[in-house]
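Participant: This structure is in structure tokens; I'll ask about it shortly.
The values are calculated or read from the model by the stated rules, or taken from the named source; none is laboratory data. As the structure is a prediction and not an experimental result, all values here were calculated from the model. Glycine also receives a Cβ, built like all others from the backbone with ideal geometry; neighbour counts cover every protein chain displayed.
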Amino acid sequence: MRVVRVTAQTDTETVAQVAELFVAYRSFYGREGDEDAARAFLTARVERGDSLVRAVLEDGRAVAFTQVYPGHSSLRLHTTWQLNDLFVAPDVRGGGAGVALVRHVLAEAADAGAHEVRLETQRTNTRARALYERLGFGLAADAGQDGEFLTYTRAPGGSDG
């Protein structure tokens, strides 16, 4: 298992596999029916480099991916990484791909000088919530927690559980 950057220079087969994971991710959240648009959206992010896409490869197959959107605050003078998408193929869940991706994002965010990493997950997604909490994320104090999604945050780098 290895984590790789997915960029415009990445081979088209890997990009296509990550795009399929993106379609499955959206389906998990009930967003079905526009699979071609989803593939085009992810491919555009990769080609333009306006998000950070990472994938876990096992035996040449992309089995998990994450997409991060860096954001900047002029008033706070810091950068926050929004870990927007994380998906692990159902047949490899529990094998460490999700942990590897989140740890990779945290390390990269630290190297880039980001102030924090934020993410949202469905309140009912107990498996993802357990993963994030095990890796040191806590509920964000500044975000409403009464809707369908919960907001988690943590400083990048450092150690986790």
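Participant: Which condition number does A114 fail, the rest of (1) in contact with a strand residue (DSSP E or B) (Cβ under 9 Å, 6 or more places away or on another chain); (2) surrounded by fewer than 20 Cβ atoms within 10 Å (Cβ to Cβ); (3) more than 20 Å from V56 (Cα to Cα) being met?
Facilitator: Exception for A114: condition (2).
Participant: I'm checking my understanding of the structure. Among residues of the stretch 11-21 that are touching a strand residue (DSSP E or B) at 6+ places or on another chain (Cβ under 8 Å) and either within 18 Å of A100 (Cβ to Cβ) or small (G, A, S) (or both), which one is surrounded by the fewest Cβ atoms within 10 Å (Cβ to Cβ)?
Facilitator: Applying the filter and picking the extreme gives T14.
Participant: Is it fair to say G30 is part of a loop (DSSP other than H, G, I, E, B) and either closer than 18 Å to E120 by Cβ or modelled with pLDDT of 95 or more (or both)? So that I can check it myself, show each step before the final result.
Facilitator: Numbers: part of a loop (DSSP other than H, G, I, E, B): yes; either closer than 18 Å to E120 by Cβ or modelled with pLDDT of 95 or more (or both): yes.
Yes.
Participant: So, in the stretch 136-161, of the ones that are modelled with pLDDT of 95 or more and assigned to a loop (DSSP other than H, G, I, E, B), which residue ends up farthest from W81 (Cα to Cα)?
Facilitator: Within the stretch 136-161, the match that is farthest from W81 (Cα to Cα) is G136.
Participant: Which one of these is out of contact with any His (no Cβ under 9 Å at 6 or more places or on another chain), closer than 19 Å to R2 by Cβ, part of a strand (DSSP E or B) and not polar (S, T, N, Q): V117, V63, V105, V99?
Facilitator: Numbers: V117 fails: closer than 19 Å to R2 by Cβ; V105 fails: part of a strand (DSSP E or B); V99 fails: part of a strand (DSSP E or B).
Residue meeting the stated conditions: V63.
Participant: Related question: Looking at (1) surrounded by 12 or more Cβ atoms within 10 Å (Cβ to Cβ); (2) assigned to a helix (DSSP H, G or I); (3) not hydrophobic (A, V, I, L, M, F, W, C), can you tell me which one R54 breaks?
Facilitator: (2)
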